[in-house]
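Presented below is the structure to which this report refers.
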Amino acid sequence: MSGLKELRKRIQAVKSTQKITSAMKMIAASRLHRVQTLSQQNKIYDLNLENSLRRVIFALKQEENQKNIKYITPKLLQNKTKPQNYLLYVFSSQRGLCGAYNVNIARQATRRIKELLKQNKNIKVICLGKKAYEILCRTFVAQNLDIQLFNEEQNLSYSQTAALLAQEILQGFKSEEFDICEFIYARFTSALNHDFICEKVCPLTIESLPEDEKLLINGDSFYDYMPDKINFLGQILPLYFANNILKIILSSEASEHSTRMTSMDNATRNAQKIVGELTLKYNSLRQSAITTELIEVIAGAEAV
């Protein structure tokens, strides 16, 4: 009977765990849907902002070719030929229970840091999420690397966090605290797929596309700029930069929630399987115990 009691306790414990993992899966699914909705709502603004930026850059290049002049572009578009100082932002989660998400983020960050160390670059790492921070601190404890944890204020929306990060990075770039800023994060592609990448975000690199010329003409309308194109470019670049950071934050959050949802779904299925196996074992032992008791009763009756 002691074996039956232990099995009953184990079944009850696994069922309780199954309820928790099922609830966590639903919470992660709800948060994933919210992030995807925000990302979808931002697409039109992002497209118009990018088109405006590419339009003015293409117009400036046309003027340079026609007038044989060279404009001094804003510093945010100026790349150094030999960058020495690197600032890395690593996006991970504050909590676990999301599979290998944090491990893969830390692995990508470790790979990039080692590449830069081999090139004798100066590196500063800022982690958004304590999980990657803890892993990187253990990994590079001997190198005495400058690794910090981003002190994110409570109750900030995604757009507010993006604006705060953009302001901090732009101030550091203007004061020449670093030459290149890179973001290491999980780029969301679908609920089951995401890529762990290292992306340069500052200074900006705006590639000229073949359809940029079409952006100058929209039906019968034409574009003019007040006071001039360079000032307009200087005003729109910070907006574009902050929106890029917002897209990265949303992509990272979506990847985290999708990974946690998948992990909790697998855990719920495994718990259900274990409950089935334990229940089968419990019924088998209970049937054996009943059969043994019946045999003992019958044997006692025959003896009398």
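The values are calculated or read from the model by the stated rules, or taken from the named source; none is laboratory data. Keep in mind that this is a model prediction, so the values were computed, not measured. Ideal geometry is used to build each Cβ from the backbone, glycine not excepted, and the neighbour counts take in all protein chains shown.
Tabulated values for the structure
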{"quantity": "Residue in region 87-97 that is of a type in the set (Phe, Trp, Tyr) and modelled with pLDDT under 85 present", "calculated": "no"}
{"quantity": "Subset tally (residues that are farther than 21 Å from residue 85 by Cβ, part of a helix (DSSP H, G or I) and among the small types (Gly, Ala, Ser)) for region 100-131", "calculated": "1"}
{"quantity": "Evaluation of residue 286 against (1) at pLDDT 90 or above; (2) assigned by TED's automatic domain parsing to the domain that holds residue 14 (one fails), failing number", "calculated": "(1)"}
{"quantity": "Residue list for region 142-198, restricted to those being over 30 Å from residue 264 (Cα atoms), at pLDDT below 85 and surrounded by 10 or more Cβ atoms within 10 Å (Cβ to Cβ)", "calculated": "143"}
{"quantity": "Residue match in region 44-53 (condition: among the hydroxyl-bearing types (Ser, Thr, Tyr), within 20 Å of residue 159 (Cβ to Cβ) and surrounded by fewer than 18 Cβ atoms within 10 Å (Cβ to Cβ))", "calculated": "yes"}
{"quantity": "Every residue from region 221-238 that is among the hydroxyl-bearing types (Ser, Thr, Tyr) and touching a residue at least 12 places away in the same chain (Cβ under 8 Å)", "calculated": "223, 225"}
{"quantity": "Output for region 66-99, where each listed residue is loosely packed, with under 14 Cβ neighbours inside 10 Å and either without any contact (Cβ under 8 Å) to a residue 24 or more places away in the chain or at positive phi (or both)", "calculated": "66, 67, 68, 69, 70, 81, 82"}
{"quantity": "Complete set of residues in region 177-205 that are under 13 Å from the mean Cα position of the chain (by Cα) and either assigned to a strand (DSSP E or B) or of a type in the set (D, E, K, R) (or both)", "calculated": "183, 184, 185, 186, 187, 188, 194, 195, 196, 197, 198, 199"}
{"quantity": "Boolean, residue 135 is assigned to a helix (DSSP H, G or I) and in contact with a Ser or Thr (Cβ under 6 Å, 6 or more places away or on another chain)", "calculated": "no"}
{"quantity": "Qualifying positions in region 1-33 - of a type in the set (S, T, N, Q), in contact (Cβ under 8 Å) with a residue 60 or more places away in the chain and within 30 Å of residue 157 (Cβ to Cβ)", "calculated": "21, 22"}
